[in-house]
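Structure record follows, encoded as structure tokens.
The values are calculated or read from the model by the stated rules, or taken from the named source; none is laboratory data. Keep in mind it's a predicted model, so treat the numbers as computed, not measured. Here the Cβ is made from the backbone with ideal geometry for all residues, glycine too, and neighbour counts use every protein chain on show.
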Amino acid sequence: MLEERGTPATVLITEPFQIIIASHAAKLGAPGYHSVAVPHPVYGKTDRELRALALRIIDTVLDQVGPPQPAPASSGPP
């Protein structure tokens with residue numbers, strides 16, 4: 001899991017897949033792993049509809065992963 005490497009994460013899914021995600025999480029040893037479900041389907045939504053959807057779920061996502069963190073300072077060119 002990404003969290004084990006220090007990277008906050010969540011799963012964004014459409015509602016019909018909630019049971020599948022719960023089952024998969026349990027098989028991976030993470031029963032009850034958090035996710036954010038949105039109405040199905042997402043495909044075919046306009047940019048305006050997707051923005052509205054994002055605004056409805058952003059607080060839930062941030063509750064699950066925490067606020068954005070500043071990027072680490074670079075020690076020079078890669």
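Remarks
- Selection status of SER74, polar (S, T, N, Q), out of contact with any Leu (no Cβ under 6 Å at 6 or more places or on another chain) and at pLDDT below 90: yes
- Screening ASP47, ASP59, ASP63 for residues that are without any contact (Cβ under 8 Å) to a residue 60 or more places away in the chain and closer than 17 Å to LEU2 by Cα leaves exactly one candidate, ASP63.
- Checked against (1) touching a Pro at 6+ places or on another chain (Cβ under 9 Å); (2) surrounded by 13 or more Cβ atoms within 10 Å (Cβ to Cβ), GLU15 passes all but condition (2).
- Filter result (over 20 Å from VAL61 (Cβ atoms) and among the hydroxyl-bearing types (Ser, Thr, Tyr)) within the range 7-42: SER23
- Reported count of residues in the range 42-71, each being surrounded by fewer than 10 Cβ atoms within 10 Å (Cβ to Cβ) and either in a helix (DSSP H, G or I) or modelled with pLDDT of 90 or more (or both), is 7.
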